[in-house]
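Asker: Dropping a structure here in structure tokens format, bear with me for questions.
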Amino acid sequence: MLDINTKKLIKNAYRVTKDRGFTALRVRVPGGSLDVRYFDIIKRIAEEYGSGRVHITTRQGFEIPGIPMVKIAEINEIMAPLLAGMESAIGVEINDLNGGYPAAGTRNVSACIGNSVCPFANFNTTELARKIEKVIYPNDFHVKIAVTGCPNDCIKAHMQDIGVIGMVLPEYDPDRCIGCEACMKNCRKVASGALSMVNYKVKRDHQRCLGCGECILKCPASAWTRGDRYYRLVIMGRTGKKNPRIARTFMEWVGEDAVLKVIANMYAYIDKYIDRTLPKEHVGYIVDRTGLPVFCREVLLDVDTGSMGKVAGFIPFGGYVYERSSY
Amino acid sequence: MNNAYLPFKAAITGVMPQTASDYTYRLATDLDVRPGQFMEVSIPGVGEAPISVSDFGSGWIEMTIRNVGRLTGVIHELKPGGHFFIRGPYGHGFPLEEFTGRDLIIAAGGTGLAPVKSILSRHCSGQGRLKSLTLLAGFKTPSDMLFKDEISAWREKIDVQITVDKIDENSSPWDGSTGLITGLITKVPVQNPGNTRVIIVGPPVMMKFSALEFLKRDIARENIWVSFERKMCCGLGKCGHCKIDDTYVCLEGPVFNYTRAEELID
Amino acid sequence: MGVYIKNNSFDQLLTELSRDYIITAPVKLPGKGAFSDTPLVTYREIRGAGEIEFNEKSRFSPKEIIYPITQTLFYFTENEYSRPAVPDQGIIIFCRACDVHAFRRLDEIFLRNGGCEDIYFAELRKKVKFFVMECRESFENCFCVSMGTNRLEDYDVMLRVSGDAQECDARGDFAGIFTGYGEAVEMIPRFVEENHTKVTVPENIDRQVFKHPLWEEYSSRCIACGHCTVSCPTCTCFTMQDIFYEDNPKCGERRRVWASCMIDGFTSMVGGHGFRNEKGDRMRFKVMHKIYDFRKRFGYNMCVGCGRCDDVCPEYISFANCINRVNTIASGVSAHE
């Protein structure tokens, strides 16, 4: 005689599966970086309660399937050290560590490996993902956020509601430049062709510059060095049945505080405009209803975009709808 | 302290077009030059490049300059009464004393004729002390032929054989031979190989194969001289561009005896 | 003259010296490394002793202090040209023993090769005073012992970090100045006597080695980025550049800028012809210059074994290992003769 409140089960980060009576637990790994000691907990739950396997999710979490629904309380207690280490330790407020995840709508904040390993990354993506996690979790609103170290966008920030892309302002010392043109040729080949040679020295077109930092990496003489760090925010990318599309740039050359503030504001915007008659409403579709100007007004509230910051005045969202009559 | 990079202004007293893209400039200067030496030629703000001296006399030098780039493009706009800047001369020229009483054969490819022109003009005006002089010259097409008037005059005095790679539709009428200069070398009369000296000047590939042909004609390696063209930014042994092994072309060259030249691996 | 100087006094000493000298030293610039959140250790003019990086090898060598990467030779207007001013002060360079040896190589090219003195180099060179930082132990990739550049007789001041003080051996005019800032001690310079990296430079290199298939491997590995030559303390090559100012096209300058035999265009002449199109040939050209042809011309090797080329190569090509490979091949070739 199973009597399960599935609404509570789902908010507890478990899910209703095709096997009646069995659930799957989704483990959050903010920033995609996990101390291996937590493998012991995941392993124990999978071996003792689940099918002995885990699924690695696209959002860089773990999903442990084959768990009897009746074991949820027991498993939540086993999960306590992981919650403490992965959530409380980074400032996420969790009232009952023995009660499992307090929310599941807002998905794990995923991140590329970032500058702890990758030479291209312009910042430590794990650290920013954790700061974002602190701002947005626990929360039931259906939002996907990812963080990536450079415009290569290995994490697919362009598939998220909010994608954060690391930028660096390259600083150029013409006296150190040997005119090898490595930066210019490379920018033309792999980035945006923002560099040109004038009088044997390099000119950077800021309008074209992606802030990827490739010029700095290529320079043999450190004529290009790292200036201030910035971020580009791409918004409202999504997959799904309704009008899938890639995210577009909302703001760029902004600082970390602006990024965190826009994200916090977006949750307030959702709270204000969400259609509560629906079981859930994904943020992208709220923006479709309210229109972008309302979204912009709400999320830019008290945001300091800084002297370099640029905000899109208009976003030509594309994507497509499944228009079957077109065949 | 003397600033070796400082160029001086040289007035242009004559401009003699050779082809559509090669002009000979006569400059008023008292420089003491040897055949085969070069100058660093410049226009401030535009650039500086090494150019070989094609002829010289009392109070003047001539350089034949092909319009191939930014600097030479600007030079080609200049008229008599104008000026550009020069410094030099640099490098060692041809060892003329080695050629006294010898049968000298000059093989020149394209603009390679310029650095040896002064040897030809001196001999043909009776100033040289050579036993005999033969000129073998190759050009891409008849229109690329340099020093046409001079060549006509030289023909009166010495054996001159010209070949062109091809005759194209724009070419002036051509009744000479076609084909590579190596074809001329296989047939050129060599009366006494031991008394013959050879100068080869032209593109690297032309010099390489011409030298091999002369070797087949029993000319000794040590009796062949070549002149190298390399990128040079100073002419002073500082900039490093022209170095090959431990040899600086600007200092020890551009003229090398073949025994040395064949050892130089770029 | 040995002097023991506490760090705060040493700082005051530098303040006194800065009246007559431009003081340059390796400094550590946080966040200025090519990779994010990494530092760059490079040369700068310093204001205080605290800025000096004593514990790490600089990415770039001190040669740029007197042989700038970009150096204007002439400024010109419509009717005249002028030379940039040369500073009145002397120049103090904090550096390592190998770096001082490297300056001797630069002297060979700029002051003696071709029998003419390069005025731009010469005027700054004669101002230089070497404050040599003792290497307590070899840094990564150093092979100074193999190249015989670990020891140094010719310095102005030798410095040894000793807790919160400097032990100095000051010579010439500096002896008197230094004495006023500390107490006399015996200071006998110590040098690195062993490196982890060791090379054997072959005495003779047959032309066969120039044509050996060894170099072909570098054609596929090297990317011709030039990092090795830009960080090298002994590379001297430069290219001339003439420019008109964008905002005043009647005025301009002629300048020289470091060139690299590893980078495309080093041998290209107008009209398009060039030499050493294969990167392996460029590697051969560079290696031979550093360990063979410079020696043929001047009597000693150009390479000083600082290992910076190996530190900075993004493709993990080891110059030191290449020397050893050349040695193996060269001894094989001579053994066959």
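The values are calculated or read from the model by the stated rules, or taken from the named source; none is laboratory data. Fair warning: this is a prediction, and the values are worked out from it, not measured in the lab. Ideal geometry is used to build each Cβ from the backbone, glycine not excepted, and the neighbour counts take in all protein chains shown. For the accessible areas, the whole protein counts, side chains as well, though only heavy atoms, and no ligand, DNA or RNA atoms are used. Shrake-Rupley method; radii C 1.70, N 1.55, O 1.52, S 1.80 Å.
Conditions tested, residue by residue: (1) within 14 Å of chain B (Cβ to nearest Cβ); (2) open to solvent by less than 30 Å² (accessible area, probe 1.4 Å); (3) assigned to a helix (DSSP H, G or I); (4) within 30 Å of B:Met1 (Cα to Cα).
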site	(1), (2), (3), (4)
C:Phe131	no, yes, no, yes
C:Arg136	no, no, no, no
C:Asn141	no, no, no, no
C:Asn150	no, yes, no, no
C:Glu153	no, no, no, yes
C:Met158	no, yes, no, no
C:Val161	no, no, no, no
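Asker: Taking the residues in the range C:59-68 that are in contact with an Asp or Glu (Cβ under 9 Å, 6 or more places away or on another chain) and open to solvent by 10 Å² or more (accessible area, probe 1.4 Å) as candidates, determine which candidate is farthest from B:Lys9 (Cα to Cα).
Answerer: Here the answer is C:Arg59.
Asker: What number goes with the only condition from (1) exposed (fewer than 15 other Cβ atoms within 10 Å of the Cβ); (2) within 14 Å of chain B (Cβ to nearest Cβ); (3) among the hydrophobic types (A, V, I, L, M, F, W, C) that C:Ile188 does not pass?
Answerer: C:Ile188 satisfies all of (1) exposed (fewer than 15 other Cβ atoms within 10 Å of the Cβ); (2) within 14 Å of chain B (Cβ to nearest Cβ); (3) among the hydrophobic types (A, V, I, L, M, F, W, C) except (2).
Asker: Restricting attention to the range A:188-218, report how many residues are within 12 Å of another protein chain (Cβ to nearest Cβ) and free of Cβ contacts under 8 Å to residues at least 40 places away in the same chain.
Answerer: Total meeting the criteria: 7.
Residue-wise test of (1) outside any helix (DSSP H, G or I); (2) surrounded by 20 or more Cβ atoms within 10 Å (Cβ to Cβ); (3) among the aromatic types (Phe, Trp, Tyr).
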| position | (1), (2), (3) |
| --- | --- |
| A:Lys7 | no, no, no |
| A:Ile10 | no, no, no |
| A:Arg15 | yes, no, no |
| A:Asp19 | yes, no, no |
| A:Leu25 | yes, yes, no |
| A:Gly31 | no, yes, no |
| A:Arg37 | no, no, no |
| A:Asp40 | no, no, no |
| A:Lys43 | no, no, no |
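Asker: Given (1) within 11 Å of another protein chain (Cβ to nearest Cβ); (2) farther than 23 Å from A:Arg245 by Cα, where does A:Ile136 come up short, assuming only one miss?
Answerer: (1)
Asker: What are the pairs, 6+ residues apart or on separate chains, where a residue within the range C:230-259 that is closer than 18 Å to B:Lys243 by Cα has its Cβ under 8 Å from a residue that is among the acidic types (Asp, Glu) and open to solvent by 20 Å² or more (accessible area, probe 1.4 Å)?
Answerer: C:Met240/B:Glu48
Asker: Of the residues A:Val117, A:Val27, which single one is out of contact with any Lys or Arg (no Cβ under 9 Å at 6 or more places or on another chain) and not assigned by TED's automatic domain parsing to the domain that holds A:Leu278?
Answerer: Just one listed residue meets the conditions, A:Val27.
Asker: For the range C:241-293, which positions are out of contact with any Ser or Thr (no Cβ under 8 Å at 6 or more places or on another chain), more than 7 Å from every other protein chain (Cβ to nearest Cβ), under 15 Å from C:Ala224 (Cα atoms) and part of a loop (DSSP other than H, G, I, E, B)?
Answerer: C:Asp264, C:Gly265, C:Asn277
Asker: List the pairs whose first member sits in the range A:303-320 and is modelled with pLDDT under 90, whose second member is among the acidic types (Asp, Glu), and whose Cβ atoms are under 9 Å apart, counting only residues at least 6 apart or on separate chains?
Answerer: A:Phe317/A:Asp288
Asker: Right, another one. Take the conditions without any contact (Cβ under 8 Å) to a residue 40 or more places away in the chain and either outside the structural domain of B:Gly112 (by TED's automatic domain parsing) or not basic (Lys, Arg) (or both) and apply them to B:Asp168. Does it pass?
Answerer: yes
Asker: Turning to a different aspect of this structure: Take the residues of the range B:155-170 that are closer than 22 Å to B:Ser121 by Cβ and assigned to a strand (DSSP E or B): which is most open to solvent (accessible area, probe 1.4 Å)?
Answerer: Within the range B:155-170, the match that is most open to solvent (accessible area, probe 1.4 Å) is B:Asp159.
Asker: Being touching a residue at least 12 places away in the same chain (Cβ under 8 Å) and open to solvent by 20 Å² or more (accessible area, probe 1.4 Å) is the filter here; which residues of the range C:82-97 pass it?
Answerer: Scanning the range C:82-97 gives C:Pro84, C:Val86, C:Pro87, C:Gln89.
Asker: Filter the range B:43-96 for residues that are within 12 Å of chain C (Cβ to nearest Cβ) and among the polar types (S, T, N, Q); which is most open to solvent (accessible area, probe 1.4 Å)?
Answerer: Looking at the filtered set, the residue picked out is B:Asn67.
Asker: Taking the range C:304-324 on its own, how many of its residues are touching a Leu at 6+ places or on another chain (Cβ under 9 Å) and buried (at least 17 other Cβ atoms within 10 Å of the Cβ)?
Answerer: Number of matching residues: 1.
Asker: Could you list all residues from the range B:99-124 that are in contact with a strand residue (DSSP E or B) (Cβ under 7 Å, 6 or more places away or on another chain), farther than 29 Å from C:Val270 by Cβ and assigned to a helix (DSSP H, G or I)?
Answerer: Matches in the range B:99-124: B:Phe99, B:His123.
Asker: Hey, A:Ala73 hits all of (1) outside the structural domain of A:Gly309 (by TED's automatic domain parsing); (2) in a helix (DSSP H, G or I); (3) within 27 Å of A:Phe295 (Cβ to Cβ); (4) among the small types (Gly, Ala, Ser) but one; which does it fall short on?
Answerer: Among (1) outside the structural domain of A:Gly309 (by TED's automatic domain parsing); (2) in a helix (DSSP H, G or I); (3) within 27 Å of A:Phe295 (Cβ to Cβ); (4) among the small types (Gly, Ala, Ser), A:Ala73 violates only (3).
Asker: Provide a single number: the residues in the range B:17-30 that are in contact with an Asp or Glu (Cβ under 8 Å, 6 or more places away or on another chain) and either open to solvent by 50 Å² or more (accessible area, probe 1.4 Å) or part of a loop (DSSP other than H, G, I, E, B) (or both).
Answerer: 2
Asker: Ok, one more. Pull up the range B:171-180, narrow it to residues that are open to solvent by 70 Å² or more (accessible area, probe 1.4 Å) and touching a residue at least 24 places away in the same chain (Cβ under 8 Å), then point me to the one that is nearest to B:Pro142 (Cα to Cα).
Answerer: Here the residue is B:Pro173.
Asker: For the list (1) closer than 30 Å to B:Leu6 by Cα; (2) without any contact (Cβ under 8 Å) to a residue 60 or more places away in the chain; (3) facing chain B (nearest Cβ under 9 Å), I need the number of the one condition that C:Gly226 fails.
Answerer: Just one mismatch for C:Gly226, condition (3).
Asker: Further question on the same structure: Taking the conditions exactly as written (without any contact (Cβ under 8 Å) to a residue 24 or more places away in the chain, within 17 Å of the chain's Cα centre (by Cα) and not assigned by TED's automatic domain parsing to the domain that holds B:Pro193), does B:Gly57 satisfy them or not?
Answerer: yes
Asker: Now for a separate question. Checking the conditions here, which among C:Asp264, C:Asp247 is surrounded by fewer than 17 Cβ atoms within 10 Å (Cβ to Cβ) and of a type in the set (D, E, K, R)?
Answerer: C:Asp247
Asker: Residue under question is C:Gly163, and the condition is that it be at pLDDT 95 or above and small (Gly, Ala, Ser); does it hold?
Answerer: no
Asker: Can I ask one more? So B:Thr100 ticks every box in (1) open to solvent by 20 Å² or more (accessible area, probe 1.4 Å); (2) over 30 Å from B:Gly179 (Cα atoms); (3) touching a Gly at 6+ places or on another chain (Cβ under 9 Å); (4) not assigned by TED's automatic domain parsing to the domain that holds B:Gly138 but one. Which box is left unticked?
Answerer: Only one criterion in (1) open to solvent by 20 Å² or more (accessible area, probe 1.4 Å); (2) over 30 Å from B:Gly179 (Cα atoms); (3) touching a Gly at 6+ places or on another chain (Cβ under 9 Å); (4) not assigned by TED's automatic domain parsing to the domain that holds B:Gly138 is unmet by B:Thr100, namely (4).
Asker: Answer yes if at least one residue in the range C:191-205 is modelled with pLDDT under 95, within 14 Å of chain B (Cβ to nearest Cβ) and assigned to a loop (DSSP other than H, G, I, E, B), and no otherwise.
Answerer: Looking for residues that are modelled with pLDDT under 95, within 14 Å of chain B (Cβ to nearest Cβ) and assigned to a loop (DSSP other than H, G, I, E, B), one finds at least one in the range C:191-205, hence yes.
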